[in-house]
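**Q** One structure, pasted below without further comment.
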Amino acid sequence: MRTNLLFFLFALTFSSYSQDKYTISGYVRSAQTGEELIGATIAVRSLNTGVSSNVYGFYSLTLNEGSYEVSYTYIGYQEIKKTIELNENVELNIELKETVNELEVVEITDEAANKNISSIEMSVNKIDSKTIKKIPALLGEADVVKSILLLPGVSTVGEGSTGFNVRGGGIDQNLVLLDEAPVYNSSHLFGFFSVFNPDAVKNVKLIKGGIAPEYGGRLSSILDIRMKEGNKKEFTGSGGVGAIFSRLSLEGPIIKDKASFLIAGRRSYADVLAKPFLDDNLSGSQFYFYDLTAKVNYELNSKNRFFLSGYFGRDVFGSGFLFNWGNATATLRWNHIFNEKLFMNLTGYYSDYDYAFGVEGDDEDDFEWSSSIVSYSVKPDFSYYLNNKNTIRFGGQSIYYDFKPAEAKFASDGQTNDISLPEKFAMENGLYIQNEQKIGARTSLLYGIRWSHFSYLGEGVKQTYRDTTPGIRKPLESEEFFDKNERITSYNNFEPRLSIKYELDEVSSLKASYNRMSQYLHLISNTVASTPIDVWLPSTNNIEPQIADQIAVGYFRNFKNNMYEASAEVFAKDFQNQVDYIDNADIFFNEQLEGDLLTGDGRAIGLELFLKKNKGKFTGWVSYTISRSERQVDGINNDDWYPNRFDRLHNLSVVNSYELNEKWSFSANFVYSTGTPATFPTNRYEIQGIVLPHNVDNARNNYRIPAYHRLDISATLTPKKNENRRWKGEWVFSVYNVYSRRNPFAIFFEQNSDDPVVTEAIRFSVIGNFVPAVSYNFNF
């Protein structure tokens, strides 16, 4: 039924096409930097029609023959109007100039003022680097991932945890992209900072629902981070010196207006500052992180442009042992314009996440352990601007995976033992087609379908397990060896997507969406929060792909000439094949790990409220989410539904920024969320003075830890500018956790040292005090 409806809509699209039209197409760029502007509006107001530039700044507008006044607008830039005599196809590139940043008109978004009303997109939030840098953060360091935690529908299990949760999904169910390459671990310093340097970031887009067919591979969200291309006009730099790390970013033209570069780096220096205070036993300690982001682009001609970008970052800790982890990505893209209606982007990427752990020893006694996931991909995407009412996108993707669950060996008394686990290999393919169609002046549709195919490949062993009582380790029944690239098992999934928007009037609209997503990768972790040493595994004959269906409905409204925007969205999600574990499962160095895994269903439902002020000296937003996220797995919790570890009933964020004058600005944010679930014993046994905790009901996540709340503030001092100098600086003074809230990360129990019969509940807080910081930011 769904497929027949999609074929009908596509047939309707082509039947309405008229040939006697001409097209205006080109790029919209910044006049100051030459950067392409994402989402710029190109409109013919006399016809009440228009389009937006795509993620590469390209646009295509088809009109009947005639004379038109075409306007080009982008928030924060001066509008340009062009009168065009359209009697043939026209190629027109536009450069917009930035507006003077007057205090009474401060914008905190790069979207058109009413884009939230007129766009087909829903369940989408976008943040630019300027907004990210305004938000108070730990130790005064602006952070991409910490910023999105302040948006509706987004949460985390607590400070010091990696990743984030979206609408009831796990952290592995978010596809995090850096210039289209996946990042498998987005955190530095065990989750306190993200791996993304805000000085190199151009645009951040979080998609929580209404996910278009061009995206696939994860169930819950897409975090699409686009790097700057580099200034094509002049050489510039920016950076900062903070309490824990410093950063520097350089960009400029290689060939003016044709080629440019960007390079940005960060390094923490806690190890350098602490070294004079360490005794001889700790003098060799290492504890730091660093990252390097780089990008070059070259415009060969008006129809061809090439981009090469990369990221490399690492965390290193050790004192008598060595523990390190990090990501490396490389992306090569080719933009090609076939004609005024057909645009192509061809992407190839490499992504690697790995970690290593070892004990410093000698040839007689030693231990080394490493793990990694490596992926290679080719991804062609096409945009066909059929007419002003239909934009068709189609393409595909192939991804090859190499999983190394464990490469490990240890030496004892000179005897070396190899306890490595075999590599696993897989191939994922996908094809999609979608159309964004306008029906009349008020209604728009986005519909399409994605087909995905996954193959678990050799060289490797296919393990088959016998069924047993749920919750008990499954016994191994047989093993079968497969040669290199021989298919062990495979899966197919069709993923229909549909979104609809109806504008009630110029300031309000209703939107609804449905999407099905399939995920073939699984993050294996049985800890309270994800850690850098969790293991990624593919779907196998024993682990089926995860599937999620989501429905969302929303009401969107703007007030006071788009000064305020508000939205209310309701969502419901159904999950299949969610991975969980038997009690006391062993996920490391376990050749029969799949026998310890359980699968079940999940569900999530929620309401998201969002109010945002875009203009004026006082800007910011308030977001509130009420939601539930649960699972049902045979063999756990007596086969009944139980809350997910990251379930939070209430989640409130208040973000404010105030521009006092040209010198001083102030920001604050307050967050509150219900405590997360935890499994506690319900009674205990005392045997010869030894206390044994016991959960009599075998309940999972039967209690909640106390609520989380925190206030952060910051003040920014911008010294008077010297117009004769390019150097500009600012001081940022911040306090994280102002009232020293000891937010619990976890609760655990231990016996009293004086009276072992007495059991005490211990609250573990990652940050239990206020954290002041001063940082200096500059640009030139």
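**Q** Of all residues in region 312-325, which are closer than 12 Å to Leu189 by Cβ and buried (at least 18 other Cβ atoms within 10 Å of the Cβ)?
**A** Gly313, Arg314, Asp315, Phe317, Trp325
**Q** So which residues in region 558-590 are open to solvent by less than 30 Å² (accessible area, probe 1.4 Å) and of a type in the set (Val, Ile, Thr)?
**A** Listed by number, the residues that qualify are Val579, Ile582, Ile587.
**Q** Something else about it: Within region 625-643, restricting attention to residues that are part of a loop (DSSP other than H, G, I, E, B) and out of contact with any Gly (no Cβ under 7 Å at 6 or more places or on another chain), which residue is surrounded by the fewest Cβ atoms within 10 Å (Cβ to Cβ)?
**A** Filtering region 625-643 for residues that are part of a loop (DSSP other than H, G, I, E, B) and out of contact with any Gly (no Cβ under 7 Å at 6 or more places or on another chain), the one surrounded by the fewest Cβ atoms within 10 Å (Cβ to Cβ) comes out as Asp640.
**Q** To continue, here is another question. Let me spell it out: the conditions are (1) touching a strand residue (DSSP E or B) at 6+ places or on another chain (Cβ under 6 Å); (2) open to solvent by 20 Å² or more (accessible area, probe 1.4 Å); (3) assigned to a strand (DSSP E or B), and Ser246 meets all of them except one. Which number is the exception?
**A** Against the list (1) touching a strand residue (DSSP E or B) at 6+ places or on another chain (Cβ under 6 Å); (2) open to solvent by 20 Å² or more (accessible area, probe 1.4 Å); (3) assigned to a strand (DSSP E or B), Ser246 comes up short only on (1).
**Q** What's the total number of residues in region 461-501 that are surrounded by 15 or more Cβ atoms within 10 Å (Cβ to Cβ) and over 16 Å from Tyr520 (Cβ atoms)?
**A** Matching residues across region 461-501 total 13.
**Q** Which condition number in (1) more than 30 Å from the chain's Cα centre (by Cα); (2) without any contact (Cβ under 8 Å) to a residue 24 or more places away in the chain is the one that Phe482 fails?
**A** Checking Phe482 against (1) more than 30 Å from the chain's Cα centre (by Cα); (2) without any contact (Cβ under 8 Å) to a residue 24 or more places away in the chain, the one that fails is (2).
**Q** A follow-up question, please. Quick one: Ser238 ticks every box in (1) surrounded by 21 or more Cβ atoms within 10 Å (Cβ to Cβ); (2) in contact (Cβ under 8 Å) with a residue 60 or more places away in the chain except a single one, so which number is it?
**A** (1)
**Q** Among the residues of region 326-338, which ones are within 26 Å of Asn89 (Cβ to Cβ) and open to solvent by 10 Å² or more (accessible area, probe 1.4 Å)?
**A** Trp334, His336, Ile337, Phe338
**Q** May I pose another question? What number of residues within region 457-509 are within 22 Å of Gln546 (Cα to Cα) and among the acidic types (Asp, Glu)?
**A** Going through region 457-509 one residue at a time, the tally reaches 2.
**Q** Another question, then. Look through region 728-751, keep the residues that are farther than 20 Å from Asn669 by Cα and modelled with pLDDT of 90 or more, and return whichever of them is most open to solvent (accessible area, probe 1.4 Å).
**A** Among them, the one singled out is Lys728.
**Q** If you don't mind, there's one more thing I want to ask. Can you pull out the residues in region 608-624 that are farther than 18 Å from Ile132 by Cβ and in a loop (DSSP other than H, G, I, E, B)?
**A** Lys615, Gly616, Lys617
**Q** Assuming Lys258 fulfils every condition listed in (1) over 27 Å from Tyr353 (Cα atoms); (2) modelled with pLDDT of 95 or more; (3) open to solvent by 10 Å² or more (accessible area, probe 1.4 Å) apart from one, which condition is it?
**A** Failing condition for Lys258: (2).
**Q** Residue under question is Asp647, and the condition is that it be touching a Phe, Trp or Tyr at 6+ places or on another chain (Cβ under 7 Å), surrounded by 12 or more Cβ atoms within 10 Å (Cβ to Cβ), within 21 Å of Leu150 (Cβ to Cβ) and touching a residue at least 12 places away in the same chain (Cβ under 8 Å); does it hold?
**A** No; evaluated as a whole, the condition is false for this residue.
**Q** Only one of (1) over 21 Å from the mean Cα position of the chain (by Cα); (2) open to solvent by 30 Å² or more (accessible area, probe 1.4 Å) is not met by Gly620, so which one is it?
**A** Every listed condition holds for Gly620 apart from (2).
**Q** Still on this structure, I have one more. Looking at region 28-41, is at least one residue closer than 20 Å to Glu180 by Cβ and either surrounded by fewer than 17 Cβ atoms within 10 Å (Cβ to Cβ) or small (Gly, Ala, Ser) (or both)?
**A** yes
**Q** Tell me, which residue of region 397-436 that is in contact with a helix residue (DSSP H, G or I) (Cβ under 9 Å, 6 or more places away or on another chain) and surrounded by fewer than 21 Cβ atoms within 10 Å (Cβ to Cβ) is farthest from Val507 (Cα to Cα)?
**A** Residue satisfying both the conditions and the ranking: Leu421.
**Q** Follow-up question, since we're still on this one. Looking only at region 513-539, which residues are touching a Pro at 6+ places or on another chain (Cβ under 9 Å), open to solvent by less than 30 Å² (accessible area, probe 1.4 Å) and of a type outside the set (Gly, Ala, Ser)?
**A** Matches in region 513-539: Asn515, Gln519, Tyr520, Leu521, His522, Ile524, Val535, Trp536, Leu537.
**Q** Please list, ordered by first then second residue, the pairs with beta carbon atoms under 7 Å, 6 or more apart or interchain, first in region 581-594 and farther than 24 Å from Gln632 by Cβ, second part of a loop (DSSP other than H, G, I, E, B).
**A** So the pair list comes out as Phe589/Ile419; Phe589/Leu421; Glu591/Leu421.
**Q** Which residue pairs have Cβ atoms closer than 8 Å, lie 6 or more positions apart in sequence or on different chains, and pair a first residue in region 752-777 that is modelled with pLDDT under 80 with a second residue that is open to solvent by 50 Å² or more (accessible area, probe 1.4 Å) and of a type in the set (Ser, Thr, Tyr)?
**A** The qualifying pairs are Asn752/Thr759.
**Q** Look at region 30-68 and say how many of its residues are of a type in the set (A, V, I, L, M) and in a strand (DSSP E or B).
**A** Adding up the residues that qualify gives 6.
**Q** Are any residues in region 749-768 outside any strand (DSSP E or B) and under 29 Å from the mean Cα position of the chain (by Cα), and if so, which ones?
**A** Passing the criteria: Ser765, Val766, Ile767, Gly768.
**Q** Also, quick follow-up: Of all residues in region 187-203, how many are closer than 19 Å to Gly170 by Cα and surrounded by fewer than 22 Cβ atoms within 10 Å (Cβ to Cβ)?
**A** Residues flagged as closer than 19 Å to Gly170 by Cα and surrounded by fewer than 22 Cβ atoms within 10 Å (Cβ to Cβ) within region 187-203 amount to 2.
**Q** Yes or no: Phe367 open to solvent by 30 Å² or more (accessible area, probe 1.4 Å) and either of a type in the set (A, V, I, L, M) or outside the structural domain of Tyr59 (by TED's automatic domain parsing) (or both)?
**A** Yes: the conditions hold for Phe367.
**Q** Check Leu510 against each of (1) surrounded by fewer than 20 Cβ atoms within 10 Å (Cβ to Cβ); (2) touching a residue at least 12 places away in the same chain (Cβ under 8 Å); (3) closer than 30 Å to Asn637 by Cβ and name the one condition it does not meet.
**A** Status for Leu510: all satisfied but (3).
**Q** Also, I was wondering about something else. Would you confirm whether any residue within region 635-645 is in contact with a helix residue (DSSP H, G or I) (Cβ under 9 Å, 6 or more places away or on another chain) and at pLDDT below 95?
**A** The answer is no, given that none of the residues of region 635-645 is in contact with a helix residue (DSSP H, G or I) (Cβ under 9 Å, 6 or more places away or on another chain) and at pLDDT below 95.
**Q** Residue check, Ala142 against (1) of a type outside the set (Val, Ile, Thr); (2) within 25 Å of Val654 (Cβ to Cβ); (3) over 10 Å from the mean Cα position of the chain (by Cα); (4) part of a strand (DSSP E or B), all met but one. Which one?
**A** (4)
**Q** Turning to a different aspect of this structure: In region 725-748, what residues are out of contact with any Phe, Trp or Tyr (no Cβ under 6 Å at 6 or more places or on another chain) and assigned to a strand (DSSP E or B)?
**A** Lys728, Glu730, Val732, Phe733, Ser734, Tyr736, Ile747, Phe748
The values are calculated or read from the model by the stated rules, or taken from the named source; none is laboratory data. For clarity, every value in this text was computed on a predicted model and none was experimentally measured. Every residue, glycine among them, receives a Cβ derived from its backbone with ideal geometry; neighbour counts consider all protein chains shown. Just so you know, the surface numbers come from the protein's heavy atoms only, side chains and all, with ligands and any DNA or RNA stripped out. Shrake-Rupley method; radii C 1.70, N 1.55, O 1.52, S 1.80 Å.
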